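Engineer: Quick one: the structure is below, and I'll ask about it shortly.
Please treat every number below as a calculation from the coordinates, not as lab data. The structure displayed is predicted, hence computed values, not measured ones. Backbone-built Cβ (ideal geometry, glycine too); neighbour counts: all protein chains shown.
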Amino acid sequence: MTDETADDTVTDRTPGKPIPEPTAVSAPYWAAVDTGELRMQYCPVCTGWTFPPSSRCRQCSTRDPQWRPVAGTGELLTWSVVHQAPYPSYGPDTPYVVAVARLDEGPQLMANLLGADETALAIGTRVRVVFEERAPGRRVPQFVLA
Amino acid sequence: MRNDPAIAAVTEIPPGRYPDFDELGLHLRVLDEFLDQWQVKPGEIDGVLAAPTGVLAEGGADISVHEKVADELGINPRYAQSMYAGGATYALMVARASAAIAAGEADAVLCISAGKFPKVGAAGGEKIARFASHPEFEFPYGVYIPVLYAMAATRYLAETGCTHDDLAAVSVSQREWSLRHPDAFMRSKGAITIADVAASRMVASPFHLLDCSVPLEGGAAVLVTGGEMARRIAGRPAYYLGHGEAHFEAAVSQRARFDTGGAEVSSARAYRAAGITPSEIDIAQLYDSFSSNPLMYAEECGLLGRGKAGEHYRSGAASPGGSLPINTYGGLMSFGHTGDASGMSMIVEAALQVMGRADERQVPRSSTALVHTHGGMLSEHATLLLGDRAEG
């Protein structure tokens, strides 16, 4: 992913767009995202993935699963086209798409699907992750069509 | 069950706006109405189940509401607590109360709810969005309650081939029922058509405004007692036949399945507990935050085949005079959604129907009722079965 960092970053500095506050457990996830890389926790014991981050593997309860890069590609599980925003910073984006995708490694991720023709969406539509810079050095993962 | 637990009495105040009452004040108003309406003395009540107030308030929740209700009644209960599972709280209260009565831990348990939906203004909308979503992995994406429910609705429509007309038919049917309920908030707005629902403004696909419940304030009380006391109070009480519950992932994005709301698990447990089958159900009250919920729940509870609920609604079979009436009080979309108290409304209605006290909207054959409630963002499920005779 690192080579593609420059291409995979979009910028949205709309004031008030939420910037997640990392916790002790999720800090490595957000540190990677801020550098344009998607990392999730992999358990070498059971080969399961854990997301959202945890101090233990959610499949087999092994301590301290390992942070590993994931490809950032996956398929659409479901979505909604939002016409009424819950807070002002998303107002200018309406209508926008909120989507849940299953990454190819298995974990599920929610994000906005950017720049998509919403009438063309279907279960299984391929998407990939890009990184949206909301403040200097602070990014969130987003989807675009693959 | 031992002691034949039954709902002996129900009271609900009309959903609306109560600017002069906070949530605790609304509880006391519900109590007033309850004691006026029924021949029950506070001293006969020895159990109280309540829910926290102020779940969305700045100062945090009050989690000892049961104590305040007991104080107001002037009783020292031998069985009491406050409990919370969102909209599923109240079906679980009736189940816990019934278990306590069967075990001899209480004789008469008052289950009470009162709630206010925060105003969905700029600040209120953000507060509700934060409450409903994962703070790091969902909230940052312009997500709030309709969007989270849409995740299941989109998938349901895609997999079954049902359309927005099927969702709209639920809104139409429930409005028709609400015209027969004197306290229904939307009664004064009159009947609506599928075209009206489709023409109302889009909120989050597939939901238009008229696919959404109406955020209001209100509350209700349900008294669960042993069969003997229930027959004295009500004549024909609504017996507890059984319940089932299931609790799934709190974060919608992490749900293992989007093709179901989750009612198939809790309803299967309820049928097993009660020893009855879906074919024995005469009426259903299905929690309806949005129009998609009753469609999915009618199928998941085994009352209709997969993808068949839309046709059931469009043919009028869920409406007055229909073969399987659903949400006979108008539901949260037309009766009103009383904040965190809303999960009581469908229990009150199911009990009134079984007791034969539903007046203008009484369904002729209403011996066995199914109530399905959910809490959180489709994460907590409780199915309650009530009947006009005790089981086993």
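Engineer: Please identify, among A:GLN84, A:GLN108, A:GLN41, the residue showing maximal mean-square fluctuation in a Gaussian network model of chain A using a 10 angstrom Cα cutoff.
Structural biologist: Ranking A:GLN84, A:GLN108, A:GLN41 by mean-square fluctuation puts A:GLN84 first.
Engineer: Give, as ranges by residue number, the residues of the range B:147-189 whose backbone N falls under 19 Å from the point 7 Å along Cα→Cβ of B:PHE131.
Structural biologist: B:147-150
Engineer: Over the Cα atoms of the range B:238-290, what radius of gyration and what Dmax do you get, in Å?
Structural biologist: 13.1, 38
Engineer: In whole percent, what relative contact order does chain A give with Cα contacts below 8 Å and a gap of six or more residues?
Structural biologist: That works out to 25 percent.
Engineer: Under a Cβ-Cβ cut-off of 14 Å, what is the net charge of the residues other than B:SER334 that fall near it, where Lys and Arg count +1 and Asp and Glu count -1?
Structural biologist: -1
Engineer: Next up: Using amide H atoms built in the peptide plane, which far-off residues or other-chain residues are under 5 Å from B:ALA80 H to H?
Structural biologist: Amide H neighbours of B:ALA80: B:VAL48.
Engineer: With point charges of +1 on the Cβ of Lys and Arg and -1 on the Cβ of Asp and Glu, referenced to the Cα centre of the protein assembly as shown, which listed residue (A:THR35, B:HIS27, B:LEU49) lies farthest in the positive direction of the dipole?
Structural biologist: Going by the Cα projections, it comes out as B:LEU49.
Engineer: Something else about it: For B:ALA204, enumerate residues with amide H under 5 Å from its amide H, sequence gap 5+ or separate chain, H modeled in the peptide plane.
Structural biologist: Result for B:ALA204 returns A:HIS83.
Engineer: Lysine pairs, Cα distance under 23 Å, 8 or more residues apart or cross-chain: how many in chain B?
Structural biologist: Close lysine pairs found across chain B: 6.
Engineer: Rounded, prolate or oblate: which fits the range B:96-169, taking a ≥ b ≥ c as square roots of the Cα gyration tensor eigenvalues, rounded meaning a/c under 1.5, else prolate when a/b beats b/c?
Structural biologist: Oblate, since a/c reaches 1.5 and b/c is not below a/b.
Engineer: Within the range A:87-110, what residues put their amide N at less than 15 Å from the label point 7 Å along the Cα-to-Cβ vector of A:ILE19?
Structural biologist: Within reach of a label on A:ILE19: no residues.
Engineer: A further question on this structure: Using the Cα centre of the range B:310-392 as origin and beta-carbon charges of +1 (Lys, Arg) and -1 (Asp, Glu), tell me which of B:ALA318, B:ALA390, B:SER342 is placed farthest towards the positive end of the dipole.
Structural biologist: B:ALA318
Engineer: Let me ask you something else. So what's the projected area for chain B, the Cα convex hull averaged over all directions, in nm²?
Structural biologist: So the mean shadow area of the Cα hull is 17.2 nm².
Engineer: Hey, in the GNM for chain B with a 10 angstrom Cα cutoff, which one of B:ASP340, B:ASP46, B:ASP20 fluctuates hardest?
Structural biologist: Comparing B:ASP340, B:ASP46, B:ASP20 in a Gaussian network model of chain B, the most mobile one is B:ASP20.
Engineer: Under the rule a/c < 1.5 gives rounded, and otherwise a/b versus b/c splits prolate from oblate, where does chain A land using the Cα gyration tensor?
Structural biologist: Verdict is prolate for chain A.
Engineer: Then there is this: Determine, for B:ASP196, B:ASP107, the number of other Cβ atoms within 10 Å of each Cβ, and report the residues in order from fewest to most.
Structural biologist: Ascending number of Cβ neighbours within 10 Å: B:ASP196, B:ASP107.
Engineer: Dipole of chain B (Lys/Arg Cβ +1, Asp/Glu Cβ -1, origin at the Cα centre): which of B:PRO140, B:VAL203, B:THR328 lies farthest to the positive side?
Structural biologist: B:THR328
Engineer: Right, next: HN-Hα J couplings of the range B:239-245 from phi, Karplus 6.51/-1.76/1.60, θ = phi - 60°, integer Hz, Gly and Pro as x?
Structural biologist: Whole-Hz 3J(HN,Hα) from phi for the range B:239-245: 6, 7, 9, x, 8, x, 9.
Engineer: Run the quick spin-label model on B:ARG257 and B:LEU35: label points 7 Å from Cα toward the beta carbon, then report their separation in nm to one decimal.
Structural biologist: 4.7 nm
Engineer: May I pose another question? Based on the Cβ-Cβ distance from A:SER54 to B:ALA390, what FRET efficiency comes out when R0 is 56 Å, to the nearest 0.05?
Structural biologist: For R0 = 56 Å, the calculated efficiency reads 0.75.
Engineer: Points 7 angstrom from Cα along the Cβ direction at A:ALA122 and B:SER188: gap in nanometres?
Structural biologist: 4.9 nm
Engineer: Is it possible to state the helix-based mean residue ellipticity at 222 nm for the protein assembly as shown, with each DSSP H run of 4+ residues giving -39500 (n - 2.57), the sum divided by total residues, to the nearest 500 deg cm²/dmol? What is it?
Structural biologist: Dividing the helical sum by the residues of the protein assembly as shown leaves -8000 deg cm²/dmol.
Engineer: Which percent, to the nearest 5, of DSSP beta bridges fully inside the range B:255-390 are antiparallel?
Structural biologist: Within the range B:255-390, antiparallel bridges account for around 60 percent of the total.
Engineer: Using a Gaussian network for chain B with springs between C-alpha atoms less than 10 Å apart, which of these wobbles most: B:PHE290, B:PHE137, B:PHE335?
Structural biologist: In the Gaussian network model the winner is B:PHE137.
Engineer: A:VAL97's amide H: which non-local residues (gap 5+, or another chain) put their own amide H closer than 5 Å, with H modeled 1.01 Å from N in plane and none for Pro or chain starts?
Structural biologist: Answer set, sorted by chain and number: A:VAL82, A:LEU113.
Engineer: Quick check on the protein assembly as shown: take the gyration tensor over C-alpha atoms, sort the square-rooted eigenvalues as a ≥ b ≥ c, and tell me if it's rounded (a/c under 1.5), prolate or oblate.
Structural biologist: Cα axes put the protein assembly as shown in the prolate bin.
Engineer: A further question on this structure: By the scheme Lys and Arg +1, Asp and Glu -1, what is the net charge of all other residues having a beta-carbon under 11 Å from that of A:SER54?
Structural biologist: Summing Lys/Arg as +1 and Asp/Glu as -1 gives +2.
Engineer: Quickly work out the B:ARG17-to-B:ALA57 label distance, labels modelled 7 Å from Cα along the C-beta direction, and quote it in nm with one decimal.
Structural biologist: Result for the modelled spin labels: 2.0 nm.
Engineer: Contact order normalised by length for the range B:297-347, with contacts defined as Cα pairs under 8 Å and 6 or more residues apart; what percent is it?
Structural biologist: Relative contact order for the range B:297-347 comes out at 17 percent.
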